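**Student:** Take this structure, written in structure tokens, and hold onto it; I'll ask about it next.
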Amino acid sequence: MSLVGEFKEFIARGNVVDLAVGVVIGGAFGKIVTSLVDQVIMPPIGWLIGGVDFAALKYTLPVNPANPTGDPAVIEYGAFINTCIQFLIVAFVIFMLVKGVNRLRRARVEEAAAEPTATEALLAEIRDELKKRP
């Protein structure tokens, strides 16, 4: 099989398409969470603790004596705090999605286990008849 043929077969698999859709939706969801954290969650938190803008929190290191004309190094820990909160929100949402999917799977398994198949019913009948024999 040629390289092009193998590639077509690879792309035609359902998992690849599902993965691509998941990546695109995940990217869009990430933008939504970023907006939620930066523009909805953090402003009230900053207001509650005295008008602090977390995105502006930073620590500027002293100028390097070896390069006094260079820009000072800046540690932007406020942006890091925002990113950590974004991560926690995404992790919680994914947790809730996985929990919901697992609940649905369990319900399907329990539903399938509740009703015996035709073969199982027949085997149960045979078992019951064999138990009746002396």
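The values are calculated or read from the model by the stated rules, or taken from the named source; none is laboratory data. Quick caveat, the model's predicted, so the values are computed rather than measured. So basically every Cβ, Gly included, is an ideal-geometry build from the backbone, and we count neighbours across all protein chains shown. These area figures cover heavy atoms from the full protein model, side chains too; ligands, DNA and RNA do not enter into them. Shrake-Rupley method; radii C 1.70, N 1.55, O 1.52, S 1.80 Å.
**Student:** How large a share of the accessible area of the chain, in percent, is made up of carbon and sulfur atoms when the probe is 1.4 Å and the other protein chains stay in place?
**Tutor:** The nonpolar share, carbon plus sulfur, comes to 67 percent.
**Student:** Against the longest alpha carbon principal axis of the chain, how many degrees, from 0 to 90 and to the nearest 10, is the axis of helix 14-36 turned?
**Tutor:** Taking Cα atoms only, the helix is inclined about 40 degrees.
**Student:** Extension gain ASP53-ASN15, at 0.36 nm per residue separation less the Cα-Cα distance, in nm?
**Tutor:** 9.4 nm
**Student:** Same structure again: Would you work out the charge dipole size for the chain about its Cα centre, treating the Cβ of every Lys and Arg as +1 and the Cβ of every Asp and Glu as -1, and quote it to the nearest 20 debye? Write out the running numbers ahead of the final one.
**Tutor:** Numbers: 13 positive and 14 negative charges, 83 e Å.
Magnitude of the dipole: close to 400 debye.
**Student:** To continue, here is another question. Dipole of segment 74-134, Cα-centred, from +1 at each Lys and Arg C-beta and -1 at each Asp and Glu C-beta, to the nearest 20 debye? It would help to have the intermediate numbers written out before the result.
**Tutor:** Values: 9 positive and 8 negative charges, 38 e Å.
Around 180 debye, computed over segment 74-134.
**Student:** Also, quick follow-up: Kindly report the accessible area of segment 9-125 per residue (heavy atoms of protein chains, probe 1.4 Å, no ligands, DNA or RNA), in Å².
**Tutor:** On a per-residue basis, segment 9-125 sits at 80 Å².
**Student:** Oh, and also: Of ILE75, PRO44, THR119, which is farthest along the charge dipole of segment 17-134 in the positive direction, counting Lys and Arg as +1 and Asp and Glu as -1 at C-beta?
**Tutor:** Farthest along the dipole direction, towards plus: THR119.
**Student:** Quick check: the angle from helix 118-132's long axis to the longest principal axis of the chain, C-alpha only, nearest 10 degrees?
**Tutor:** The helix 118-132 is inclined about 50 degrees to the chain.
**Student:** Follow-up. Would you mind putting 32-45, 59-72, 85-98 in packing order, based on average other-beta-carbon counts within 10 Å, highest first?
**Tutor:** Most protected by this proxy first, the peptides run 32-45, 85-98, 59-72.
**Student:** For LYS31, go through the lysines and keep the ones whose alpha-carbon is under 28 Å away, minus same-chain ones fewer than eight residues off.
**Tutor:** LYS58, LYS99
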